[in-house]
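K.L.:
Sharing a structure with you now.
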Amino acid sequence: MKFTNVVAAALLATTASAFTPAKPVEKPSFALHAKRVSFKEDSRRKLVEGINQVANAVKVTLGPKGRNVVLERNYGAPEIVNDGVTIAREIELGDAEENVGARLIQEVAAKSDSKAGDGTTTSTIMTQAITNNGMRSVTAGLNPVALNRGIRKAANLVSEKIKELAVPVTGIEDLRNVATIASGSIDMGRIIAQAADKVGDTGSTVVEESQTLFDEVEFTEGLTIDRGYISPYFVKDQERQLAELVNPKVLVTDAKIDDVNEIVPILEKLVKSKDPLLLIAEDVTGEALSALVVNKMRGVLDVVAIKAPGFGNRRREYTQDIAIATGASFVAEELGITLDSVTLDMLGTADRIVIAKEMTTIVTD
């Protein structure tokens, strides 16, 4: 009897444990970021506070007597700047609603920088003034739509008046004054003015940090591309690792060339005319590259191939600019021009082209 009870107790224990419900499996939770929604006075107040915080940090740099701002970096040493758009871009506020206002003022400064290249601090201060006075008027009961129309009309009138009062830059003295204010240095302003006066209205002037203790001015005539030769076998000057073409022809295309048969017709014509060739394409690979290298090394044709600069849509714009600068026809299937139909009169020309490992300089006619 005791044995039976023990067995029964063990059976009950086993049965009970077997049918005990298991702990539920915890499902992973996917928490979405909640959106904070605010209305009326609260939303406007936060928006204005964010705009004011960015504008107050930027406006101290206004004008030739403007002060500097120290920016902390996540890596490296802090940076001292007096550029409005640079300061605005670095600011991110902890309050999400205030940060919306900061993002708005950053957009204003960025658009002024991209469209005009200057006046970012002025745009920021004007935005702050329009926003604060506009919010005050709306709070007082003014119609926001009517206020917007009035601001736009006033902006058009002010723009027309500024154009009437504007004095165009006419000589090197005006250039020097503008450059001195922008750079904050009389010596640098003089150097920039001399460089800008020499390259003219259509030229480009760039200020870079020097590796020496002296200020230097370098002039580059023609067009500079940040692309070099595809293969080192194109190099003629082994000491300087350069390839130089004198009075060459220039073929510009957006195609990727890997079939040598596509360029054989124009190469045969160039062999007969004995003209050097600079080939600018999206890429040159396979049999096409091998054929160019062999002809180069054998002295049959003086040719150098480089990749087109830029990426995506900008690459196409760059190649079109190069074609215009050299007087070449832009070879593209979209325009109905294929590589095997290119003739000599469709090639561009240049006085001299110097191709380095990572840079090409085209001195145009």
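K.L.:
Output yes when any residue across segment 311-327 is basic (Lys, Arg) and either surrounded by fewer than 14 Cβ atoms within 10 Å (Cβ to Cβ) or at pLDDT 90 or above (or both), and no when none is.
P.N.:
The answer is yes; a qualifying residue exists.
K.L.:
Select from segment 107-149 the residues that are in contact (Cβ under 8 Å) with a residue 60 or more places away in the chain and open to solvent by 70 Å² or more (accessible area, probe 1.4 Å) and write down the one among them that is farthest from residue 87 (Cα to Cα). If you could, list the steps in order and put the result at the bottom.
P.N.:
In the first step, residues of segment 107-149 are kept if they are in contact (Cβ under 8 Å) with a residue 60 or more places away in the chain; the result is 118, 120-122, 124-125, 127-128, 131-132, 135, 138-139.
Still in the list and also open to solvent by 70 Å² or more (accessible area, probe 1.4 Å): 118, 139.
On the way: 118: 14, 139: 30 Å.
If we take residues in segment 107-149 being in contact (Cβ under 8 Å) with a residue 60 or more places away in the chain and open to solvent by 70 Å² or more (accessible area, probe 1.4 Å), then 139 is farthest from residue 87 (Cα to Cα).
K.L.:
Restricting the search to segment 32-60, which residues are in contact with a Lys or Arg (Cβ under 9 Å, 6 or more places away or on another chain) and modelled with pLDDT under 90?
P.N.:
Matches in segment 32-60: 38 only.
K.L.:
Please determine whether any residue of segment 236-249 is surrounded by 15 or more Cβ atoms within 10 Å (Cβ to Cβ) and of a type in the set (Val, Ile, Thr).
P.N.:
No; the residues of segment 236-249 include none that is surrounded by 15 or more Cβ atoms within 10 Å (Cβ to Cβ) and of a type in the set (Val, Ile, Thr).
K.L.:
Residue 261 passes all but one of (1) open to solvent by less than 40 Å² (accessible area, probe 1.4 Å); (2) part of a helix (DSSP H, G or I); which number fails?
P.N.:
For residue 261, the failing item is (1).
K.L.:
Still on this structure, please answer the following. Consider residue 299 carefully, then state whether it is over 19 Å from residue 229 (Cβ atoms) and without any contact (Cβ under 8 Å) to a residue 60 or more places away in the chain.
P.N.:
Numbers: over 19 Å from residue 229 (Cβ atoms): no; without any contact (Cβ under 8 Å) to a residue 60 or more places away in the chain: yes.
Judged against the criteria, residue 299 is not a match.
K.L.:
A further question follows. Kindly check whether there is at least one residue in segment 162-183 that is open to solvent by less than 60 Å² (accessible area, probe 1.4 Å), within 28 Å of the chain's Cα centre (by Cα), within 24 Å of residue 59 (Cβ to Cβ) and not β-branched (Val, Ile, Thr). Reasoning before the result, please.
P.N.:
Filtering segment 162-183 down to residues open to solvent by less than 60 Å² (accessible area, probe 1.4 Å) leaves 171, 174-175, 179-180, 183.
From what is left, the residues that are within 28 Å of the chain's Cα centre (by Cα) are 175, 179-180, 183.
Okay, now just the ones that are also within 24 Å of residue 59 (Cβ to Cβ), so 179-180, 183.
Restricting the remaining residues to those that are not β-branched (Val, Ile, Thr) gives 179, 183.
Scanning segment 162-183, I find at least one residue that is open to solvent by less than 60 Å² (accessible area, probe 1.4 Å), within 28 Å of the chain's Cα centre (by Cα), within 24 Å of residue 59 (Cβ to Cβ) and not β-branched (Val, Ile, Thr), so the answer is yes.
K.L.:
Could you list all residues from segment 89-110 that are of a type in the set (Gly, Ala, Ser) and either in a loop (DSSP other than H, G, I, E, B) or under 21 Å from residue 45 (Cβ atoms) (or both)?
P.N.:
Let us first name the residues in segment 89-110 that are of a type in the set (Gly, Ala, Ser), namely 94, 96, 101-102, 109-110.
Answer for segment 89-110, where residues must be of a type in the set (Gly, Ala, Ser) and either in a loop (DSSP other than H, G, I, E, B) or under 21 Å from residue 45 (Cβ atoms) (or both): 94, 96, 101, 102.
K.L.:
Another question, then. Can you tell which of 97, 72 is open to solvent by 60 Å² or more (accessible area, probe 1.4 Å) and at pLDDT below 90?
P.N.:
Step by step, each of 97, 72 is checked, and only 72 is open to solvent by 60 Å² or more (accessible area, probe 1.4 Å) and at pLDDT below 90.
The values are calculated or read from the model by the stated rules, or taken from the named source; none is laboratory data. The model shown is predicted, which means the values in this text are computed figures rather than measured ones. Backbone-built Cβ (ideal geometry, glycine too); neighbour counts: all protein chains shown. The protein model used for the area step is the full one, side chains on, heavy atoms only, and it has no ligands, DNA or RNA in it. Shrake-Rupley method; radii C 1.70, N 1.55, O 1.52, S 1.80 Å.
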